[in-house]
Amino acid sequence: MKKSSLGSLAIIFGGLVLSLEIYSLKFIQGIEMQTGSWKTYASDYATEMPMFLGLCMTLAVIIYGIVLVIKAKETKE
């Protein structure tokens, strides 16, 4: 598989996972609203450790994909 193809897939996959994680923040807030204790903003849940690690790993995959695409274009020229 070419580096540019692999990089493009990493960017697409990372973007899809990132959007799912962002929507899950609101879902987590909705679940906690039923128990009576929740944070004011859904983005506040992103600072908690499990969600923060997931977001960091997803961003790392997206950045890695961008680097692969850029390097593939540089070697092509």
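The values are calculated or read from the model by the stated rules, or taken from the named source; none is laboratory data. Owing to the predicted nature of the structure, the values given are computational and were not obtained by experimental measurement. Heads up, the Cβs are rebuilt from the backbone with ideal geometry, glycines too, and the neighbour counts pull from every protein chain shown. In case anyone asks, the SASA skips ligands and DNA or RNA and just uses the protein heavy atoms, side chains included. Shrake-Rupley method; radii C 1.70, N 1.55, O 1.52, S 1.80 Å.
Structural remarks
- When residues of the range 20-59 are limited to those that are of a type in the set (S, T, N, Q) and open to solvent by less than 80 Å² (accessible area, probe 1.4 Å), the one farthest from G7 (Cα to Cα): S37
- Test: residue in the range 15-26 that is under 30 Å from K76 (Cβ atoms) and assigned to a loop (DSSP other than H, G, I, E, B): no
- Residue match in the range 31-39 (condition: in a loop (DSSP other than H, G, I, E, B) and of a type in the set (D, E)): no
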